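The values are calculated or read from the model by the stated rules, or taken from the named source; none is laboratory data. No experiment lies behind these values; they were computed from the predicted model shown. With ideal geometry, Cβ positions are generated from the backbone for all residues, glycine too; neighbour counts draw on all protein chains shown.
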Amino acid sequence: MIVYRLTRKKYLRTLSGKGAAKKGARWNSPGTELIYTAQNRSLAMAEIAVHFSISTLPSDYYMVEVEIPDSLKIKKVHISKLPKDWKEWNPYSKRTQSIGDNFVVENKFCLMQVPSAVTKGDFNILINPKHTDFKNVKIKTKTPFPFDDRIFK
């Protein structure tokens, strides 16, 4: 399986959940390392674009293709099982953060599929960098990714 991640040039060297652990995000509390990826390039772009305007968007993004062996099992989080506030942000729901935190602590799976809050029907794949199978997850390509200005009009 190939998943996608948009990241700034200075973070291209390795896959790490350290950025997400700094402030926390929808699926993790501060201090919990988790790598956020998307099932397709468009979703990776949408997940970043919702946080910027054209004037604040950094110009040094890269699209990273991440290769995950098909043999790795995925924990699936179904939208019907989520709390009503699962899409909230600023602040993110403590309940969705606890789902990701528990996923990392339990350490039963390397991957967790969660619904996108940005694009209904699409999914993000979260990667647990503490899982033993993480060693099999590899960066395949890194390509400069300029955002099209029309997205922000």
If the requirement is being closer than 18 Å to residue 144 by Cβ and either exposed (fewer than 12 other Cβ atoms within 10 Å of the Cβ) or under 17 Å from the mean Cα position of the chain (by Cα) (or both), which of these qualifies: 66, 50? 66
For the stretch 25-47, which residues satisfy the criterion of being in contact with a Pro (Cβ under 9 Å, 6 or more places away or on another chain) and crowded, with 20+ Cβ neighbours inside 10 Å? 34, 35
Would you mind telling me which numbered condition in (1) hydrophobic (A, V, I, L, M, F, W, C); (2) part of a loop (DSSP other than H, G, I, E, B); (3) touching a helix residue (DSSP H, G or I) at 6+ places or on another chain (Cβ under 8 Å) residue 6 fails? (2)
Residues that are at pLDDT 95 or above, part of a helix (DSSP H, G or I) and within 23 Å of residue 72 (Cβ to Cβ): does the stretch 136-152 have at least one? yes
The helices (runs of 4 or more DSSP H) lying entirely within the stretch 18-123 that contain at least 3 residues which are modelled with pLDDT under 95 are 18-23, 41-49
Qualifying residues in the stretch 92-144 (those that are closer than 16 Å to residue 21 by Cα and aromatic (Phe, Trp, Tyr)) - the one surrounded by the fewest Cβ atoms within 10 Å (Cβ to Cβ): 92
Checking the condition in contact with a strand residue (DSSP E or B) (Cβ under 8 Å, 6 or more places away or on another chain), free of Cβ contacts under 8 Å to residues at least 40 places away in the same chain and farther than 20 Å from residue 89 by Cβ, which residue from 73, 18, 9 passes? 73
Only one of 103, 52 is closer than 15 Å to residue 127 by Cβ and not hydroxyl-bearing (Ser, Thr, Tyr). Can you tell me which? 103
